[in-house]
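Reading through the C-alpha cells given below for one structure.
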Amino acid sequence: MSAKFDYTEAFSRNIGWVTPAEQETLRDKRVAIAGMGGVGGVHLLTLARLGIGRFSIADFDTFDLVNFNRQVGATMSSLGRPKLAVLEEMVRDINPEVDLRLFPEGAKPDQMDEFLSGCDVYVDGLDFFAFTARRSAFASCERLGIPAVTAAPLGMSVAWLTFLPGQMSFEEYFQLEGCSEDEMALRLFLGLAPAGLHGACLVDPSKIDLKNRRGPSTIIACQLCAGVVGAEVCKILTGRGPVLAAPSCQQFDAFTGMTRESVLPQGNSTQEQRLRLQEMRKVFGLPDPSSHEATEAR
C-alpha cells in the first residue's frame, strides 16, 4: 500500500507532550550524532520519531554478528553493510523528508567543525573506547557553544551527562589529558556512573576486558539511553524543562529499580572519585599515574 507522507500527521501523537509550536521547532532543528552502533543508531531513530527533521550522522563501520544483541540496525540482511547506509535507510523510512548530512569516514577530528556545522545539539554515540574522537567532539562543542549529551549503556542501566555552553566542560569533568588509554577508560567509566548502580547486575567481571577493548552489553541499556537522550534533547531544543548539566550526572538502573544523582564539583579529582579510581586500578592491575608522575619528577 502506498501512502503520501505528511509530517503533521506522522508526528501528531507527540502533541500533548509537546505543543504544536514545539513540534515545529523540533522539525527545524539539527542534531549531530557520531556513531551508529549500540546507542547511536537507536538515538537516531528515537529522535526521528520525536519529529526532529535534520541530522548530521557519522560512522565508518559495518554490521557484524556480534552486534545483534544490542544494535537496532544489526540484522541478517544488514550483515557486512555500512552502519551509516543502513541507518540512513531506516530513518528515511520514518521521515522521507528528513535532511541528512552523512559522514562515512566517521567523526574525524580534522572534520569536526564541518560535522558540527549548523547543529543545535551533539549526541555522543561513539564506541566506549573511541577516546580521540570523543575528546575531539566534546572539545569542538565547547569551542562552538553547542550543547552535548552522552549516555552510557551499563548492564541494565543508563548513566548520563549533559554539557552546556559556559559550564563545566567534558575535559574539566573527566580529566583525560596526559592519561594512557587504560586510565582514560577507567576515568570515563567511573565518571559516567560514580554511583555504580549497575554493579548489582554484573555476574562475570572478567568479561570487562580493557586489553582487548571489549565489554558486555545489553539492548535494555541501549534503549534506556535513547529514552533519556530523547528527553534531554527535547528539553534543550524546546527550552522547556530542567536540564541538569555537569558536574551533575544521573543514573537509572532497571535491574534494581534505583535512581541516583551524583554531583562531582571537581569532576574525577574529587576525593571520592580518586579513591574509586585507586580501587579500580588494583582490580585491573594498572599503575597509579600520580605515582608515575612523582617518579618522573624525582
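Rule-based calculations on the coordinates, nothing more; no lab input. Everything numeric here is computed off the predicted structure, so don't read it as measured data. Positions of Cβ are backbone-derived with ideal geometry, glycine not excepted, and every protein chain shown enters the neighbour counts.
If both residues of a DSSP beta bridge must be in the chain, then about 50% of such bridges are antiparallel. Only Cα pairs under 8 Å and 6+ residues apart enter the sum, and on that basis the relative contact order of region 46-174 stands at 20 percent. Within the chain, what is the longest stretch that has no GluC sites (Glu not before Pro) placed in a DSSP loop and near at most 16 other beta-carbon atoms within 10 Å? Longest stretch, sites excluded: 178-298.
For region 40-178, the fraction of C-alpha pairs more than 27 angstrom apart is 20%. Spherically averaged projected area of the convex hull of Cα atoms, region 116-215: 6.6 nm². In a reduced charge model with +1 at each Lys and Arg Cβ and -1 at each Asp and Glu Cβ, the chain shows a dipole moment near 480 debye about its Cα centre.
Summing Cβ point charges (Lys, Arg +1; Asp, Glu -1) relative to the Cα centre of region 47-184 gives a dipole of roughly 440 debye. Per residue of the chain, the DSSP helices (runs of n ≥ 4 H) give a summed -39500 (n - 2.57) that works out to -11000 deg cm²/dmol at 222 nm. If you take the Cα centroid of region 97-156 and the Cα centroid of region 20-96, the two points sit 14 Å apart. Each Lys and Arg contributes +1 and each Asp and Glu -1, all at the Cβ; summed about the Cα centre of region 228-287, the dipole is approximately 120 debye.
With an a/c value of 1.5 or above and a/b not larger than b/c for the gyration tensor axes a ≥ b ≥ c computed over the alpha-carbon atoms, region 36-122 is described as oblate. Name the longest site-free stretch of the chain, where the excluded sites are chymotrypsin sites (Phe, Trp or Tyr not before Pro) in a DSSP loop with no more than 12 other beta-carbon atoms within 10 Å. In short, 18-298. Seen from A107, the other residues with C-beta closer than 14 Å to its C-beta sum to a net charge of -3, counting Lys and Arg as +1 and Asp and Glu as -1.
Taking Cβ atoms as reference points and 14 Å as the exclusive limit, the residues near W17 contribute a net charge of +3, counting Lys and Arg as +1 and Asp and Glu as -1. Computed over neighbours whose Cβ is under 12 Å from that of V121, the net charge equals +1, Lys and Arg +1, Asp and Glu -1. When each full DSSP H helix of the chain is screened for a Cα extent of at least 15 Å along its own axis and an average Kyte-Doolittle hydropathy of at least -1.0, the helices passing are 83-94, 131-144, 181-192, 219-238.
The lysine pair count for the chain, using Cα distances under 29 Å and pairs eight or more places apart or on different chains, is 13. At the listed q of 0.14 Å⁻¹, the Debye profile of region 6-56, built from one uniform point per Cα, gives log10 I(q)/I(0) equal to -0.36.
With the chain treated as a Gaussian network of Cα nodes joined by springs under 10 Å, which of V42, V98, V149 yields the largest mean-square fluctuation? Among V42, V98, V149, the largest mean-square fluctuation in the Gaussian network model of the chain belongs to V98.
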